[in-house]
1. Restricted to region 21-55, and to residues that are of a type in the set (Val, Ile, Thr) and in contact (Cβ under 8 Å) with a residue 24 or more places away in the chain, which residue is most open to solvent (accessible area, probe 1.4 Å)?
2. Collect the residues in region 65-87 that are at pLDDT 85 or above and open to solvent by less than 60 Å² (accessible area, probe 1.4 Å), keeping them in residue-number order.
3. Look at region 48-70 and say how many of its residues are in a loop (DSSP other than H, G, I, E, B) and among the aromatic types (Phe, Trp, Tyr).
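The values are calculated or read from the model by the stated rules, or taken from the named source; none is laboratory data. Bear in mind the structure is a predicted one, so any value in this text is a computation, not a measurement. FYI the Cβ positions are ideal-geometry reconstructions off the backbone, even for glycines, and counts take in every protein chain you see. For accessibility, only protein heavy atoms count, side chains too; no ligands or nucleic acids. Shrake-Rupley method; radii C 1.70, N 1.55, O 1.52, S 1.80 Å.
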Amino acid sequence: MIKLVEVYKQNLEPYRHNDITTAVRTLAINPKLITAVYSHDMTQEMEQGLFPKDFDRRHEFSRIVMNSNSAGGFSLIVAESLDRLLVTLAAYV
């Protein structure tokens with residue numbers, strides 16, 4: 001398992017789309033279920049002020065595509081550069 005910081009969007013008020021903010025949470029994933037990793041741009045969300053006030057704006061982001069062993073996969077956005085994430089994942093290959 002590897003520990004990462006996931007970036008996700010949440011609604012502050014039910015059924016109101018204009019009250020969306022970006023939140024972060026720590027998660028652990030099984031690297032054996034990763035099928036692809038891409039660099040991900042979050043510049044627009046940063047400029048719109050959607051991140052928590054104490055979030056370090058220097059972060060780079062990556063999208064991880066996971067195989068969920070079902071009909072389809074899902075993806076996560078994490079606060080980690082593609083290069084650093086690939087170095088971390090290389091230890092599990």
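1. Restricting attention to region 21-55, the residues satisfying the condition of being of a type in the set (Val, Ile, Thr) are 21-22, 24, 26, 29, 34-35, 37, 43.
In the following step, the residues that additionally are in contact (Cβ under 8 Å) with a residue 24 or more places away in the chain were identified as 21-22, 24, 29, 34-35, 37.
Values: Thr21: 31, Thr22: 4, Val24: 56, Ile29: 13, Ile34: 34, Thr35: 90, Val37: 33 Å².
Only one residue tops the list, namely Thr35.
2. Applying the first criterion (at pLDDT 85 or above) to region 65-87 yields 65-67, 74-87.
Passing the criteria: Val65, Met66, Ser75, Leu76, Ile77, Val78, Ala79, Glu80, Ser81, Leu82, Leu85.
3. Filtering region 48-70 for residues in a loop (DSSP other than H, G, I, E, B) gives 48-60, 67-70.
Right, trim to among the aromatic types (Phe, Trp, Tyr) and you get 51, 55.
Here the count works out to 2.
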